[in-house]
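Report on the following structure.
Since every read-out is calculated from the coordinates, none of them should be taken as a lab result. Keep in mind that this is a model prediction, so the values were computed, not measured. Methodologically, a virtual Cβ is constructed for each residue, glycine included, from the backbone with ideal geometry; neighbour enumeration extends over all protein chains shown.
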DNA sequence: ACCTGAACACCGTTCAAGT
DNA sequence: ACCTGAACACCGTTCAAGT
C-alpha cells in the first residue's frame, strides 16, 4: 500500500545494475508482477527503455536478479549452532516470510529450475538433510521432496496474491471468496472440500507451511532425533 | 513433435466452446504456453479473434477450461477397490503422466488456487487421506502438504519444458545443461549441489515424484498399514 | 444469436544516433 | 562505454458493423 511516489530524485546516480534491480523490486512489491514493465521501470529511473538493456540482458534476467537479491541475504543469517531440524525449520520460516512479503518471488523462483536463486535453497536444504544423517542414496529424494513442497507453497502464495490484486481484494477477503465457493460444491461429490471450507478461511498459512515441512522431515527420518 | 498441420478442415462445424478448448489444447501441446494466442487460435479455427470472445470470457478462462478438460477425465478412471495408499499412488501417477505430456497444465493448475481444476485434485486426495484414518484435525495439514508438493513438481515440470523449448533442447539435453552448471559450482560453498550434479542427469522424474508422495503419506501416518 | 475484422492500448526488444 | 527514444513486431481485448 506504500505509494512511494518519488517524482525523479535519482538524477545524480549513474544507472547501474544494482539501481535497476532495486527499482524493479520496488515496482514488483508495490504493483505485483504485472507492475514491472520496461516502460514503468525506465520512467522511474528517468531514462529510456533502451538504457536498461545495457545493464540487463532481458526481462527474465532482470526477474532472476531481483529474485536473487531478495533471497540470497537470507542464507547469511542462518546460525551455525543449531540441530539440522532446527536449521531446516529456521530456513523454511525465513523463506516463507520473504515469499509472503514479496509474493512475486514465489513465481519467479519456480521459473528458474536449477538456476541461481533456487540452487541456494537446494544447497541449504541439502546440507541440513545430509547432517540429519540421511543415507547418501536417499538424500536426493528427500531434499527434492522438501524443495518441491516449498516451491508449491511459494507458487500458491504468488497465485493468491496475483488474483487478490486483480480482484482488488485483500488477502482475507480473497480467502473468504474461496471459502464461499467451496461451501457451494455439491456435498455428494465434494465432501472433503465442503468440510474444509471453514478451515481455509481461518487457517494460519505460516503455521500450516511449517507443519508440512516437519511432516516431510519426519517422513525422511523415521528415527527421530528431536 | 506431431505437427498436426490441418489447413482448414473445420469449415462446417459451428464454433463452440468445446471446439475452441480442443484447439487451444492442441496449440499448447504443440508449441507450449507461448503458442496459445488468440491470433493463432482464430487462424486455426478459421475465424476472427472476436468470435472466440463470444464463447470464452478471456484468456485465463480459456486456460482454465483447457486445463480442466485435460484433468477432469482422470478422476473418473480411479478404481474404487483399492487401499487408500494405492489410490493416492494411482491418482498421483496419473496426474504425473498428464502433466508430463501436457507440461503447460503444471503452470495453469498453479494459477487457479482453490478453483475448479485444482479442487478436483484436492477432493481426491482429501477422500483418500480421510479413508487412511487420519484424524479430522490433521486432515487439512496432510492433504495440503501433499497438494503443495504435487503443485511444486507440476510447476517445475512446466518450467523445465518452457525453458527447454526456448533453448530448443529436448528434455535430456536440458538436464545435461543443468547438470553441467551444477558441477561448476565451487565445491566449498556448494558441496551438496556438486554431489547431485550427476544424479540430476540420470534420475527418473516419475519415480522420484512417487517416492516423494510415499514419503509424505508415510509422514502423515506413522502407523503404516501397507 | 453469432460472427467479422479493423482498431486500440500495451508490451518486450532493437537500433541508429547521439555523448 | 553508456545513454536516448523512436520504431517494430506482437499481444489481449473491444466494438461497430454485419448476418
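Taking a label point 7 Å out from Cα toward Cβ, give me the nm distances from residue A:204 to the same spot in the other copies, shortest first, one decimal.
When each copy's label point is compared with this one, the spacings are 4.2 nm.
Could you list A:147, B:169, A:221, B:125 so that the one with the fewest beta carbons within 10 Å of its beta carbon is first and the one with the most is last?
Fewest-to-most Cβ neighbours within 10 Å comes out as B:169, A:221, A:147, B:125.
Other chains' Cβ within 10 Å of B:137-148 residues: what's the mean?
The shielding value for this peptide is 6.
Once you have a ≥ b ≥ c as the square roots of the Cα gyration tensor eigenvalues for the range B:108-169, tell me rounded if a/c is under 1.5, and otherwise prolate or oblate according to whether a/b is larger than b/c.
prolate
Please work out whether the protein assembly as shown counts as rounded, prolate or oblate from its C-alpha gyration tensor, where a ≥ b ≥ c are the square roots of the eigenvalues and a/c under 1.5 means rounded, while otherwise a/b larger than b/c means prolate and anything else oblate?
Taking the square roots of the gyration eigenvalues as a ≥ b ≥ c, the protein assembly as shown is rounded.
What list do you get for A:76, A:31, B:102 if you sort them by fewest beta carbons within 10 Å?
Going from sparsest to densest Cβ surroundings: A:76, A:31, B:102.
Give me the angle, in degrees from 0 to 90, between the Cα long axis of helix B:191-202 and the longest principal axis of the Cα atoms of chain B, rounded to the nearest 10.
Tilt relative to chain B: about 50 degrees.
To the nearest Å, what is the center-to-center distance of the range B:85-140 and the range A:15-85, using C-alpha atoms only?
34 Å
Work out, in µm²/s and without decimals, the Stokes-Einstein translational diffusion coefficient of the range A:78-225 at 25 °C, 0.890 mPa s, Rh from Kirkwood over C-alpha pairs.
146 µm²/s
From the helices alone, meaning DSSP H stretches of at least four residues, give me the mean residue ellipticity at 222 nm for the protein assembly as shown, per-run term -39500 (n - 2.57), in deg cm²/dmol to the nearest 500.
-22000 deg cm²/dmol
Residue separation times 0.36 nm, minus the C-alpha to C-alpha distance between residue B:199 and residue B:19: what's the value?
60.5 nm
Distances in nm, one decimal, shortest first, from residue B:90 to the same residue in every other copy, taking the label point 7 angstrom along Cα→Cβ.
4.6
If you average the C-alpha positions of the range A:155-169 and of the range B:155-199 separately, how far apart do those two centres end up, in angstrom?
Comparing the Cα centres of the range A:155-169 and the range B:155-199, I get a distance of 30 Å.
Label-to-label distances across copies for residue A:79, with labels 7 Å out along Cα→Cβ, in nm, shortest first?
5.3
Would you mind estimating how fast the range A:60-157 diffuses translationally, via Stokes-Einstein at 10 °C and 1.306 mPa s with the Kirkwood radius over Cα pairs, in µm²/s?
116 µm²/s
Using Cα pairs closer than 8 Å and at least 6 residues apart in sequence, work out the relative contact order for chain A, in percent.
Result for chain A is 18 percent.
Taking the Cα atoms only, what angle lies between the long axis of helix B:59-71 and the longest principal axis of chain B, rounded to 10 degrees?
60 degrees
Describe numerically, in nm with one decimal, the distance between label points set 7 Å from Cα along Cα→Cβ at residue A:59 and at residue B:37.
Distance between the two pseudo-spin positions: 1.3 nm.
For residue A:184 and residue B:80, what does the FRET efficiency come to when R0 = 22 Å and r is the distance between their Cβ atoms, rounded to the nearest 0.05?
According to the calculation, E is roughly 0.25.
How big is the range A:1-146 on each of its three principal axes, counting only the C-alpha atoms and giving the largest first in Å?
Extents along the principal axes, in whole Å: 55, 28, 25.
Counting only C-alpha contacts under 8 Å and six or more residues apart, can you give the relative contact order of the range A:101-226 as a whole percent?
With pairs under 8 Å counted, the relative contact order is 25 percent.
Using only Cα atoms, find the angle between the long axis of helix A:171-183 and the longest principal axis of chain A, and express it within 0 to 90 degrees, rounded to the nearest 10.
Once rounded, the angle reads 50 degrees.
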